[in-house]
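Peer 1: Following this message is one structure expressed as C-alpha cells.
The values are calculated or read from the model by the stated rules, or taken from the named source; none is laboratory data. Predicted, not measured: the structure shown is a model, and the values here were computed from it. All Cβ positions, even for glycine, are placed from backbone atoms using ideal geometry, and neighbour counts span all protein chains on display.
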Amino acid sequence: MPELAPAPVRVRAYAPADASATLGVFVAAVTVTAAHDYAPEQIAAWARPGARSLGDWNRSMLARASLVAVRGGAIAGFSDVNGEGYIDMMFVAPAHARRGVASALLAAVFERARDLGATRLWANVSVTARPFFAARGFVVEAEQHPMIEGVELTNFRMSRPLPPIAAPSPRRG
C-alpha cells in the first residue's frame, strides 16, 4: 500500500478559541519532547502543568500576536515574533514533530518580522531546539542559565540576520 502524503501545514493568526490547544501543545512539548534534554525537576518548573491560568495564557498569546500551525485539522504548534525580531515562543506538539511544522512557523515568523521592520531574528532557545535553529542559520551568542521556580535551566541566546527581500531585477530586452 502506498504511503499517504503528510498533511500540509497551514499557519494562521492565533484566536482565543486556540488557548486550550496551544497550552496543551506547550505542556506536551516541554514534558515529552524536551524531557530528553532536561531533568525532571527542570521540566516540572518549566511546564508547570495544571498551574497555568487559561485566561492568562490567552491574554499572553494575544499580546504577542501569536501564530498557530494547523496540520490535519489539529493545532500542531505555535510561535510569535515582535518588531525587534524576538521570537518568544516556538513549540510543536510531539505528535507533529519532524513533519515541517516548525519550519512552516519559522517561515511565517520571517515574513512577519520583515513586515514589522526587523533586521534580525533572535530567541532564547532550549537545548532541544538548538539543532533546529542552528540548521536554519542561527548562531549561539551566549549560553544562559535562567532560574524558573528556583530551578536553573540551560538555554542559548541565538540569532541570525534577516535578509531583506530581494528587489526584482530590472528587465532587459
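Peer 1: Using the structure shown, decide if Glu143 is closer than 16 Å to Val30 by Cβ and either touching a His at 6+ places or on another chain (Cβ under 7 Å) or acidic (Asp, Glu) (or both). Don't jump to the end; show me each part of the working.
Peer 2: Values: closer than 16 Å to Val30 by Cβ: no; either touching a His at 6+ places or on another chain (Cβ under 7 Å) or acidic (Asp, Glu) (or both): yes.
No: the conditions fail for Glu143.
Peer 1: Same structure again: Pairs, please: C-beta under 6 Å, at least 6 apart or cross-chain, first residue closer than 14 Å to Ala34 by Cβ and in segment 130-158, second of a type in the set (D, E, K, R) and modelled with pLDDT of 95 or more?
Peer 2: From residues that are closer than 14 Å to Ala34 by Cβ, the pairs are Val151/Glu41; Phe156/Arg130; Phe156/Glu143.
Peer 1: Taking Gly77 as the residue in question, decide whether it is free of Cβ contacts under 8 Å to residues at least 60 places away in the same chain and touching a helix residue (DSSP H, G or I) at 6+ places or on another chain (Cβ under 6 Å).
Peer 2: Values: free of Cβ contacts under 8 Å to residues at least 60 places away in the same chain: yes; touching a helix residue (DSSP H, G or I) at 6+ places or on another chain (Cβ under 6 Å): yes.
Yes: the conditions hold for Gly77.
Peer 1: To continue, here is another question. Looking only at segment 83-140, count every residue that is aromatic (Phe, Trp, Tyr), crowded, with 22+ Cβ neighbours inside 10 Å and more than 23 Å from Arg71 (Cα to Cα) and tell me the total.
Peer 2: Within segment 83-140, residues that are aromatic (Phe, Trp, Tyr), crowded, with 22+ Cβ neighbours inside 10 Å and more than 23 Å from Arg71 (Cα to Cα) number 1.
Peer 1: Considering Arg71, Arg98, which residue is charged (D, E, K, R) and touching a helix residue (DSSP H, G or I) at 6+ places or on another chain (Cβ under 6 Å)?
Peer 2: Within the list Arg71, Arg98, the selection yields Arg71.
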